[in-house]
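J.: The structure follows.
Every number here is computed from the coordinates shown, using simple stated rules; none is lab data. Computed from a predicted model, the values in this text were never measured in an experiment. Don't worry about glycine lacking a Cβ; one is built from the backbone with ideal geometry, like all the others, and counts go over all protein chains shown.
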C-alpha cells in the first residue's frame, strides 16, 4: 500500500490517519511534507471544530522512515519539525488517539497535539539517541513542558520505550483505555469538545503556551462574538448552546 495521509470530517471532527501499515505507519518524507498543507486546509474549514490524529490499524506511528535519512534533499528532521509546528499551531483542539507504537517522530507528533488518549498496551519512546541524532530544540522544549525535565531526560538519554502506566504518570498521556474502547472514548470526548465554545478553546490554547500578551485581543473577540450571551441563554433555557465564533475566521 502507498504511504499516505488520509482524512475525513464527521460532525465537526476531522480525523487524520497516518497510513503506512507495511512499515508500522512510519512517516515518509512525502507524508511529512503533506501534513502542514492538510492541516492548513482543515484549519480554514469552518465545519471543523476539533481534530484527531491517529494511525492505520493497530499502530499509531513508529517514527520517520529511516531509509529516508540517506536520501538527498531536505533533511527529514527539518520536515518533521515543520509538521510538528504546524500541528502545534492548529487553532482548534487536537487529540492523538494512540494504539501500539508511538515512537520517534510519532511521539513527536503526539506531543504536538493538545491531548493524548491511548490504549493500555501502547508504547512510547523518543529515540534519537539510538541513531546519534540531536533532537530539535523546539521539540525538546515541548517535551519538557509536557512531562518535566527529568522525564524528558529519561526518554532522550535512554531511547527506552515506556508503557502507558508511566506515560500517564509523567503527563505524556491524558487517558488510558482498555483494548477496544479507544475509538468510542475519542468519539465521545471530541463530540463534547466540538459542542463547546471555540472562542474559549482558542484563547485557552494560546494562553496555555505561555503567550499572555493578547488579553485585549481576546476581550475584543469575546465582546463581538455573542458567545457569552448564547451560553448564558442556553444554560437558563436548559438547551445545548449554539456558539457561532469560529477559529477559522477569528
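J.: What angle, in degrees between 0 and 90 and rounded to the nearest 10, separates the Cα long axis of helix 227-237 from the longest principal axis of the Cα atoms of the chain?
T.: Compared with the principal axis, the helix lies near 70 degrees.
J.: Output needed: percent of Cα pairs per 5 Å distance bin for the chain, bins running from 0 to the one holding the longest distance.
T.: Going from the shortest bin to the longest, the percentages are 1, 6, 13, 17, 18, 17, 12, 8, 5, 2, 1, 0, 0.
J.: In addition: What FRET efficiency do you get for residue 184 and residue 134 if R0 is 35 Å and r is their Cβ-Cβ distance, rounded to the nearest 0.05? Working shown, then result.
T.: Details: r = 40 Å, r/R0 = 1.14.
So, using R0 = 35 Å, E works out to roughly 0.30.
J.: Using Cα pairs under 8 angstrom and six or more residues apart, how large is the relative contact order of the chain, in percent? Write down the numbers at each step before the final one.
T.: Numbers: 441 pairs, mean separation 42.6, N = 250.
Taking the mean separation of contacting Cα pairs over the length of the chain, I get 17 percent.
J.: Something else now. Have a look at the DSSP beta bridges in the chain and tell me what percent are antiparallel, nearest 5. Let's see the in-between values first.
T.: Working: 9 of 31 bridges.
Of all bridge pairs located within the chain, approximately 30 percent are antiparallel.
J.: Note the per residue figure in Å³ for the convex hull of the C-alpha positions in the stretch 197-237. Write down the numbers at each step before the final one.
T.: Working: hull volume 2.3 nm³, N = 41.
Cα convex hull per residue, to the nearest whole number: 57 Å³.
J.: For every helix of n ≥ 4 consecutive DSSP H residues, a contribution of -39,500 (n - 2.57) applies; sum these over the chain, divide by its total residues, and give [θ] at 222 nm rounded to the nearest 500 deg cm²/dmol. Mind dumping the intermediate values first?
T.: Details: 10 runs with 111 residues, N = 250.
It lands at -13500 deg cm²/dmol.
J.: Run the simple label-point estimate for residue 248 and residue 33 please: 7 Å along Cα→C-beta, distance reported in nm.
T.: It works out to 2.7 nm between the two label points.
J.: With no solvent and one point on each alpha carbon, what is the Debye value of log10 I(q)/I(0) for the stretch 158-250 at q = 0.18, 0.26 Å⁻¹?
T.: -0.96, -1.26
J.: Related question: If packing is taken as the average count of other Cβ atoms within 10 Å, what order do 226-239, 195-208 fall into, highest mean first? Show your work: numbers first, answer last.
T.: Values: 226-239: 12.3, 195-208: 17.8.
Top to bottom by mean Cβ count within 10 Å: 195-208, 226-239.
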